[in-house]
Structures are given as C-alpha cells and as structure tokens.
Amino acid sequence: MNAIDASEHHERVDESVPPSLLAIVLDTNPHAWAHLSSTLPLATALANILVFINAHLASGNANSVAVIASHSNKSCFLYPTPAPSSPRPQPNATNGDVDMNGTTETTSYSVQDNPNKYRPFANVETAILNNFAKLMEGTKESHLEATPTTLIGGALSLALSFIAKATLLHSPSTSNSDEAMLAIADPEAIHTSYVSLASRILIVSVSGDLANQYIPVMNSIFAAQRKRIPIDILKLAGDTVLLQQASDATGGVYMKPERPEGLLQYLMMAFLPDPTARKSLVMPSAGGVDFRAACFCHRKVVDIGYVCSVCLSIFCSHDLPDNLCLTCGSYLSLRAAQSNPPALIPRKKKKKKRAGADSATPGGSTPAGSNTPMHA
Amino acid sequence: MSEAAAQYKKKDGKIIVSSDGLTVSWKANSDDLRVDVEIAAITNLQQTPATSAKASIKIVVQHPDQTENHTFTFTSAAARDDQQTITGVLRKCIEDAKTRSAAAAAIPAAATPTPTPVLDNVGASGAMTMAHTLVGAPKEKEDPFDDAKLLRDTALQQSLLNSNVALRERFDLALRDKPDTITLAQFSNQFWATRVPLLRSHAVQKSQGAGTYNVLSVVKPVLEQGVQTLNMSKEQIQLIFAQHPLVKRVYNENVPPMSERDFWSRFFHSRLVKKLKGERINDNIDPTDPKLDKYLDFNEAADAAPQLLVPSVPLFLDVEGNEQNHSQRLGNRPDHTMRLGSHEKVPILRTLNQMSEKMMAQVPPSDGADRHGPAGMDEETYKQVQLHDLERTADDNRVVLNIQDQSQFFSAGQGVHTSSSAATYAKRTPIQVLSVMQQQFQHISASQAQTGGINLQLAMGTEEESSSDEEESQANKKSKVGSRSSRRGATSQIVNTIKQRQRLGEEFLSSTPEQSRQLALQMGISGPVYDSLFITHNTTVEFLHYFWAVFYSGDAERANEVAKLMETLGKSLDRIKAVADTAEAERAAQIQATVKSNEEYTQRTGRKRRFDANNIKGGKNVVNHLMQPLTRAIGKAKHEYETALQAQMRQSKTETLNPV
C-alpha cells in the first residue's frame, strides 16, 4: 500500500525513558512509630522520605509522586491534597496553591518563597506536612484503642486507583478508528505513540498483624501483578508474612533493614531506580519468601491449611461447625483431609502370626492421604 | 459357559460354570462324583493371591440351615489363568444373580434378602486378609494406565530404570542405604508410589510404535560398482504385499518360474512399479517387461474396495454436505483425486491419497467409536444432534455462593491486646502514644513555620561532618539516624542482598547438573565432594518421602519401620557431616599449600605476601550452608517423631497403669 500511494507514514517512537510515578504508602500507625521513636522518630523518617521523593522528582522532569497515609482508622492521601467534595473553581491541588485549602486552620503552612528551595519540592513538602498534621489532629484516642495495626488494604487500593487514573490521564487512549481517520485526512502527520507511565508502589511499613486484611491485600497484590506495577516493601518493623508475598508476586524489592537508622541509604540505594531502570539492574532482594497464608477463621498464619473447594477460603483446622464453610456456607467436610495420627509404638504381638500379608500391600500411595491440605 | 481342570478333595475333575450363569458345578473325571452349587447362594468367593504356589478358589455357600464351603484347586498347566477366568466369570454371575434377586425382592416383600456376597483375596495360609472387594461395585472399564497396575508392573519399572540413568542412580543408592528392616518389595513400592506419573508416561511411550509407511517410495535399487543391488527387508516385502494386493498376485503367479531375486529387480524397473507409485509412464524411455506389463491394466479397485471407509457425518447436521448432495450434480462424489480408476489425470495424487487411505484403515480409530452403533452416532454426536431449543430449560445447577461478611472473621476481636506486638505496644497508653507523636511532629513543623519550608538536612539528622572518632564514641552510646555507621550498615546489607540475588539468578539459569557443578566449584567445593553431596541429598530426600508416608499411615504394625527410618535419617546427617569434614580437610590442605608457597616466595624474594585464610573458599561452612534446607527437613521430621513418640509413650503408660 505504502508503495502505491507513495506517502510514507511516520511513526515517531519516543525513545526517551517513560516518566515514572511513585506511589508511597506510608504506614503511619502511631503505635508502631511511638515504639520506634527511640531509634527512628517519625518526623525524621518523614524528612528522609521527603528527600527520597525529591530525588525521585529530580531524576525525571515528568516524574510524579503520590503519598498515601495508611493510618489506624483511615487511609488518606497526603499528596496530592484531595480536592474537597464541594465544587470549587480551582480544585487543582498540584499547582501548589495548597494554602487555599486551609487558610483558616492554624496548623497549615503556606508555600513560602524560599530562594533556596526548588519550588516543586516545596510544594510537595508543604502539602505532605499539612495533610499529615491534619491527620494527626484527627486521630483520637479511641481510634488507637480499637486496633493495633493499620489499614494497609485500603491504602493499597487508593494507590492502585490513583495509578490507574494517572495512567489514563497520561496516555489518553484513542480508538483505532479515530487514528485511521486521522491518517487518511493527513497522511503526512506524524503519529506519536504514547509512552506509558511506569508506576510503582513503595510501602513503608512499620506494623505487624497485617494478616487481618489478608483478602483485600491479596486482591490488591493480584491487581498490581496484572497491571505490572511492582510493589516495593520497606519493612521497618513488624512481622513480614503478607508484604513479602506482595513484593515477590509483583517483582518488587523487599527490604527489612537491619539498621533502620540508615533509612535514607536504603531508600536511595534500593528503591530509587524506577521500573525502566530496573530492567538493567540486579535489584536487591532477600532470598527466602514466606508464602504462607492466613487462615480465615482465626487469622493465624498456617503452614498446612484446608481450603474450601467452592470459595477457596482457607481454614486452619478441620473442625468446622456443622461441616459448613464459614465463608460461603457450602457443605465442606474436612474429615477425609486429615492425616492419620501416627502410631509409633508397636502393637502387642498377636498370637496369630500374620503371614507376611503386610509385605504385599505396603504404604498408602501418597503421604498423609489428604485431598486438600495446602502447603503454603 | 466356561470350564477348567480342577481338583476337588484330591480328585481330578472339571469345574464348569453353566452358560446361563445360574450354577457352578464340578465333575470328577474318573467316577461320577458331582458337586453343584447354585450361584445365587454363594456368599463368599475367595482366591489365593497371585504369589502363592497353588491356584485355587474357595466358594462359600449359604444354605438356609447350614454353611458349606468348597475348595477347588486348578491343575492344568495354566492354572493361574484358569483361576482368573473362573473367578471372573463367577464374579459376574454373582453380580447378575444379585441384581436379579434384588429386582425380585422389590416386587414380593416375602422374598428373603440375599446376603451380599463378598469377594476376598485369601493369603496362602487361609487367613482372611483385610482387602475386601465388593462384588456390587460396578467394574470400571479397565484402564491400562491404572496406578495400581503400573505399580505392579515390574518389567515396566525395570525398563524405565534402564532408560533413565539419573533415576537408576537414585534408585540404586536409596536401595543401598535403606534400613534392613524394609523389604525390597516395600521399598520399591514406596519408591514408585511417588513416581507413578513417570511410570505412566513411560508406559505410554512404550506403547507407541511407528505406523506403516509408503514402502514403494522407500525401497530403491542402489547402484554399487556398476551392479544394481536391491536391499529389502522381509518386513518391507510383507508391507508391499499388504499395501498392494496386486503385487502379491503378480508374485504368486510368477515366482515359481522366476527366482525371487530376479522378480524383485525386474519389478522395480518395470512400468508396473511406476504405475503403482503414481508416476507417469513414458512409452519411449521406460523398458517394457513382457511378464509384468500385462498387469498394467489390472484394476486395483476391485480388491481395494472393502477397505474404503466412508466417514459418516450425520447428514442432517452437515449443511454444506446436504447442499452438495444434489442428485443432478452427482451428489457427494469424492474429489477426482480420491476416485479410483481415473488413470490419466494426476496419477500421483490419486495414488498417494489411496495409499493414505489404506494406511489409515490399518490404524485403530482413536475415538474408539462403536462400529455397531448407528452410523456416526456416538453418544456425543447424539447429544449434539438433539434439538436443545425444543427442550425444557434445564434446572439451574449453578452453586450459589453466599459469601458472608468476611469482616466478622477478620476485624472481630482485633484489639491492641491480641496483636503480635501487643507486648511492645502495651508499654504506652494510647494517650502517651498520641503525645509522643504530636511532640515529634512539632519539631519538624516548628522549623517550617519560621524559615519557609523545613530544613531537610537538619530534619533528617544526617551528620556529614561527624568524623570517625566521634563516630566510635557515638557507637558506644546509641547509633543516630543517618550516622555514618548506620549508613555503612545499610549499604553492606543492600550489597549483600544484591550479590545473593545475582547468584540466585545464575543458579536459576543453570539448571543442568554440569553447570551447578561449576557453581559449586566457584563456591570452593571440589568435584568429588559435590558428587557425594548430590548423592547424599538424593537418598535423604527419598527417605524423607518414605518417612512421612509411614509416619502418617497410622499403622501400628509399621511402627518399627518408622523407628528404623528415623535412624536412617540420623545416618544421613552423619553422612552430610562426613562430607563437610572432607570439604574442610580439602580446604585445610589448600590453606597449607598456599601458606607453604608464600613461605617459599618469601624465602626467594625476601618479600612477604599478604595472606588471609578467609580468602580460601569452601570447607565445612559452605557444605553446611548448601545442605541447610535438608538438615532443617530432617530436624523437622525428628522433632515431629519425638513429640509424637513421647505423647504416645505417656499415653500407653497411663493405659497400662489403669487398665480399662
């Protein structure tokens, strides 16, 4: 065809590195941070993270960032400042006019013209600090009493939805027919194929007990896996079960610092490369991954569990009330799934001698003869 | 009706199952002693297992007033086969009788319920074994790749071992190291039980054979030193006869006068072979052969006809076929390349198609269609053909999932005190926690208010200027955030994990034994040490398999076996240790050699070389590191075993103290 109509179609492929979006989920569980206050105070950690964010923004003109706080009672955006639900003439928070949001509040700070600070950095910084202050103010004693952990599932969902939105905004999808029409109308036009946004999520986690949110977190992990969004984990404190799986499944970096005081070093060395750069790097990652799942009935992390054949719920014991699955209510008898109790003391010799009939039929076919125990 | 030579009460005779399946009788050869048993009255049928010397069956009959049993021993040369056939027939008859009586019992209530006959395999001693085979269970169509069957087939296992070197090694080694209490049969059963899929694939592989091929195109006269020679195997000749009945006929009619050799060499140069191959006959070049040429006009269709298989597609479904099946356009006549007898046009296509057809006719149909069913109507086609639109809508058989609110499982009862970090969190009350947080945050925000944005460098706490002297004094007190030592610690951790990851990547890429050997060499493990590690690992894994199988069998009879296996696993640990010691010795020797060469160097040149023993890799630590997962697995097995054993000891003690 090209040879006939003699007009060449130019497809300009952008060779430049795609911009990258970094979504940071900051676990702000007050319990855990208070516990860490002697080694790594939250304020210092926040400052370290701000430096890291600046480094990220500085490494690419189009790079962007989102920071989400995963608190005890809610998950919310620290940056960009969420637009209030009431319609406003200028709901755009990214232009730095954050001071308009909270002029009446005493704790908020406006972006001042500091000649020594790059303005975009100052914008991000101010927004994060303001929103964080608001978050801390809103934290009540009762919230802390209610739970020892953080709402990581919600925060992950927020991060994923933000990334999805940003990806759409970044490369508006035009339908193929439109492009074809354009090509006919103006064959000389240069078509730009959009470079997709490279996104990643970094979870700075300090809380344990995440098994409570096994299902929402697992769902988020699968969503991230599908969208090829690596989830990086910086685990400053707490047990590791669930998040290690998140990084492993999505190809992210998992770090449990031996020296949390060197936070900035960890952030810079292990987490700064964006997904594009990672293709040509060997990323740090711990060897063994704890793949165990949490059971649905007692939130225990199980080595061997029982799985409902209908809804795939995981249970830690074979004693289900009425042999019904707790989640979906279907009949689920796990009697057959349990293995025989080992008998280790030889029975008293019987008088009748057994004529070697045993040797003809030794052993069951599979160990434990169980149908659904799951090795997690 | 089936019969077999059998002894009854030491007398030779014949056991006969009547053709109507109602009675089984035995008749003596010499006198007219006779035993008749009504099949419906049989309650138990037992046979000696395949391992015993004698092949006999025992029939237990329940009469209203008494129970009698008859034992028949098969005497013919193929006694085992007789036993199998007779039991098979009897089993079937018993089944039939049972269903009949069940049907009969359903109508008049008066009929006495027949006891369910039970089939047992009886040990040579005559004691009952545990294995019961219910006669009532419908006998499935025999699966040639059934697990149990595969496990019994020692010939197959042997052939698999012979074809798979790695497996053979593993088998032999595990066999060598197995505890003596475990018999060969038990061991091999266990070994194969975990490898049934391997057996199955091997069985399938073995059952595959090459099909027939177009012989005429393969056999070619070869010109060797000016002499035409023809190399044909006996099979090829047979195949030619099978594929070309015409050649067979020609051969039959001509070979007595001609010699066989002469016949074939003439045949392969004749016009006839060209015709059979489908090549064009060129009247000018091709030599004529007065004897063979007369068969050129012979119509092959005459004897080919019965082989033709017309694929039967149900025509009322085959819309295109229906359109084509138009009487005025000659209907569904085969394509001209498929028709017999059209000699002139494209003979090669026609011949090849015909050839394929013949070959396909010999291949058993893979779909196993029932040839006696209605044409093209197997069960599946029938279901397809059914006009589903006219049927009533089927019941919705979806399983409705009623997912209950999962939050009840997860958030309920989650308080500060149930947390895994409860102890650490409990040190502070929520109020204290809040105040700590607020206080910390004041730091950062206060500075922000004054200077227009926080001073990040201050807030971060990194001290760039701190000298190493201060550093040390600090380390004694408390490591500060961002201090040099903590940064260094972080760097080394990250670099370590990067190295680890890189090695993992290499291991992942190199899955062949040779490459992993190279990797081992890099880690300072010599070839022989690596080999013995490899073997130890293999056998230990095998025993772990066995251990868990027996451990969870719950069979007290096998308790001794478990104990022995535990010992064997202990020995495996010793073996690992021995390997580690060898590696350590190797490393020591290497260190010594280096030290010696360094000394020589010093003597020669008067200069000292730096030497660090840590630079010599390998040794005990590396071996232990490599075997760590295995050691852990053995530890786990040991732990489980000991806990269970102790619990049971205690229990048995209490039982003996307080007899029930």
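This table checks each residue for (1) crowded, with 17+ Cβ neighbours inside 10 Å; (2) away from chain A (no Cβ under 14 Å); (3) in contact with a strand residue (DSSP E or B) (Cβ under 9 Å, 6 or more places away or on another chain).
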| position | (1), (2), (3) |
| --- | --- |
| B:L175 | no, yes, no |
| B:K220 | no, yes, no |
| B:L230 | no, yes, yes |
| B:L239 | yes, yes, no |
| B:V255 | no, yes, no |
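With respect to B:D262, determine if the residue is surrounded by 11 or more Cβ atoms within 10 Å (Cβ to Cβ), at pLDDT below 75 and either among the acidic types (D, E) or part of a helix (DSSP H, G or I) (or both).
So B:D262 fails the test.
If a residue has to be without any contact (Cβ under 8 Å) to a residue 40 or more places away in the chain and either under 18 Å from B:L519 (Cα atoms) or among the charged types (D, E, K, R) (or both) to count, how many in segment B:603-628 make the cut? Break it down into steps so the answer makes sense when it comes.
First pass over segment B:603-628, keeping only residues without any contact (Cβ under 8 Å) to a residue 40 or more places away in the chain: B:603-615, B:621, B:625, B:628.
Narrowing further to those that are either under 18 Å from B:L519 (Cα atoms) or among the charged types (D, E, K, R) (or both): B:604, B:607-610, B:612, B:615, B:621, B:625, B:628.
The number of residues fulfilling the criteria is 10.
Would you confirm, using the coordinates I've provided, whether B:T183 is surrounded by 12 or more Cβ atoms within 10 Å (Cβ to Cβ) and under 30 Å from B:K564 (Cβ atoms)? Steps first, answer last, please.
Details: surrounded by 12 or more Cβ atoms within 10 Å (Cβ to Cβ): yes; under 30 Å from B:K564 (Cβ atoms): yes.
Yes, satisfied.
Among the residues of segment A:233-256, is any away from chain B (no Cβ under 12 Å) and basic (K, R)?
Yes, some residue in segment A:233-256 is away from chain B (no Cβ under 12 Å) and basic (K, R).
Note down all Cβ pairs under 8 Å where the first residue falls in segment B:580-601 and is over 12 Å from B:I525 (Cβ atoms), the second is in a helix (DSSP H, G or I), and they're at least six residues apart or on different chains.
Cβ pairs passing all conditions: B:D581/B:K620; B:I591/B:A613.
Of all helices (runs of 4 or more DSSP H) completely enclosed by segment A:217-281, which ones contain at least 2 residues that are within 18 Å of B:N496 (Cβ to Cβ)?
Numbers: elements: A:241-250, A:263-266, A:275-278.
Fully inside segment A:217-281 and qualifying: A:241-250, A:263-266.
Might you let me know whether segment B:570-589 holds any residue that is within 14 Å of chain A (Cβ to nearest Cβ) and part of a helix (DSSP H, G or I)? Don't jump to the end; show me each part of the working.
Applying the first criterion (within 14 Å of chain A (Cβ to nearest Cβ)) to segment B:570-589 yields none.
No, there is no match, as no residue in segment B:570-589 is within 14 Å of chain A (Cβ to nearest Cβ) and part of a helix (DSSP H, G or I).
For segment B:591-618, give me each residue that is within 30 Å of B:S532 (Cα to Cα) and at pLDDT below 85.
Selection gives B:D612, B:A613, B:N614, B:N615, B:I616, B:K617, B:G618.
Across segment B:144-173, which residue is nearest to the other protein chains (Cβ to nearest Cβ) among those that are free of Cβ contacts under 8 Å to residues at least 24 places away in the same chain and farther than 30 Å from B:S572 by Cα?
B:A148
For segment A:240-254, state whether one or more residues are among the charged types (D, E, K, R) and either closer than 24 Å to A:T149 by Cβ or in contact with a helix residue (DSSP H, G or I) (Cβ under 6 Å, 6 or more places away or on another chain) (or both). Walk me through how you get there before you give the answer.
Start the filter on segment A:240-254 by keeping residues that are among the charged types (D, E, K, R), which leaves A:248.
Within this subset, residues satisfying the condition of being either closer than 24 Å to A:T149 by Cβ or in contact with a helix residue (DSSP H, G or I) (Cβ under 6 Å, 6 or more places away or on another chain) (or both) are A:248.
Within segment A:240-254 (the criterion being among the charged types (D, E, K, R) and either closer than 24 Å to A:T149 by Cβ or in contact with a helix residue (DSSP H, G or I) (Cβ under 6 Å, 6 or more places away or on another chain) (or both)), the answer is yes, since at least one residue qualifies.
Any residue at all in segment A:85-93 that's buried (at least 23 other Cβ atoms within 10 Å of the Cβ) and either touching a helix residue (DSSP H, G or I) at 6+ places or on another chain (Cβ under 8 Å) or at pLDDT 85 or above (or both)? Spell out how you get there, then give the answer.
Here is the first cut: in segment A:85-93, the residues buried (at least 23 other Cβ atoms within 10 Å of the Cβ) are none.
Scanning segment A:85-93 turns up no residue that is buried (at least 23 other Cβ atoms within 10 Å of the Cβ) and either touching a helix residue (DSSP H, G or I) at 6+ places or on another chain (Cβ under 8 Å) or at pLDDT 85 or above (or both).
Please go through segment A:319-341 and pick out each residue that is surrounded by 17 or more Cβ atoms within 10 Å (Cβ to Cβ) and within 27 Å of B:A644 (Cα to Cα).
The answer is A:L320, A:L334, A:A337, A:S339.
Filter segment B:186-197 down to residues that are free of Cβ contacts under 8 Å to residues at least 60 places away in the same chain and more than 9 Å from every other protein chain (Cβ to nearest Cβ) and give me whichever is surrounded by the fewest Cβ atoms within 10 Å (Cβ to Cβ).
Only one residue fits best here, namely B:P197.
For the subset of segment B:626-650 comprising residues that are surrounded by 12 or more Cβ atoms within 10 Å (Cβ to Cβ) and more than 18 Å from B:V562 (Cα to Cα), which member is modelled with the lowest pLDDT?
Here the residue is B:L626.
Restricting to segment A:248-268, give me the number of residues that are small (G, A, S) and crowded, with 24+ Cβ neighbours inside 10 Å.
Step one: filter segment A:248-268 for residues small (G, A, S), giving A:249, A:251-252, A:262.
Now drop any that are not crowded, with 24+ Cβ neighbours inside 10 Å, which leaves A:252, A:262.
Adding up the residues that qualify gives 2.
Can you pull out the residues in segment A:301-321 that are part of a loop (DSSP other than H, G, I, E, B) and within 11 Å of chain B (Cβ to nearest Cβ)?
Once the filter is applied, which keeps residues that are part of a loop (DSSP other than H, G, I, E, B) and within 11 Å of chain B (Cβ to nearest Cβ), segment A:301-321 yields A:D303, A:C308, A:S309, A:V310, A:C311, A:L312, A:S313.
Look at A:G305 and say whether it is in contact with a strand residue (DSSP E or B) (Cβ under 8 Å, 6 or more places away or on another chain), within 23 Å of A:A159 (Cα to Cα) and either surrounded by 18 or more Cβ atoms within 10 Å (Cβ to Cβ) or not basic (K, R) (or both). Working first, answer last.
On the way: in contact with a strand residue (DSSP E or B) (Cβ under 8 Å, 6 or more places away or on another chain): yes; within 23 Å of A:A159 (Cα to Cα): no; either surrounded by 18 or more Cβ atoms within 10 Å (Cβ to Cβ) or not basic (K, R) (or both): yes.
For A:G305, the condition - in contact with a strand residue (DSSP E or B) (Cβ under 8 Å, 6 or more places away or on another chain), within 23 Å of A:A159 (Cα to Cα) and either surrounded by 18 or more Cβ atoms within 10 Å (Cβ to Cβ) or not basic (K, R) (or both) - is not met.
Scan segment A:248-290 residue by residue and report those that are touching a residue at least 24 places away in the same chain (Cβ under 8 Å), aliphatic (A, V, I, L, M) and over 19 Å from A:L21 (Cβ atoms).
Correct list: A:A249, A:M255, A:L263, A:L264, A:A286, A:V289.
Can you tell me how many residues within segment B:515-551 are surrounded by fewer than 20 Cβ atoms within 10 Å (Cβ to Cβ) and part of a loop (DSSP other than H, G, I, E, B)?
Counting residues in segment B:515-551 that are surrounded by fewer than 20 Cβ atoms within 10 Å (Cβ to Cβ) and part of a loop (DSSP other than H, G, I, E, B) gives 3.
Consider B:V595 carefully, then state whether it is surrounded by 10 or more Cβ atoms within 10 Å (Cβ to Cβ) and in contact with a helix residue (DSSP H, G or I) (Cβ under 8 Å, 6 or more places away or on another chain).
no
Evaluate the following for A:D303: is it closer than 30 Å to B:R501 by Cβ, modelled with pLDDT of 75 or more, outside the structural domain of A:G251 (by TED's automatic domain parsing) and of a type outside the set (G, A, S)?
Yes.
The values are calculated or read from the model by the stated rules, or taken from the named source; none is laboratory data. What you see is a predicted model, and the numbers here were worked out from it, not measured in a lab. As a convention, Cβ positions derive from the backbone with ideal geometry for all residues, glycine included, and neighbour counts pool all protein chains shown.
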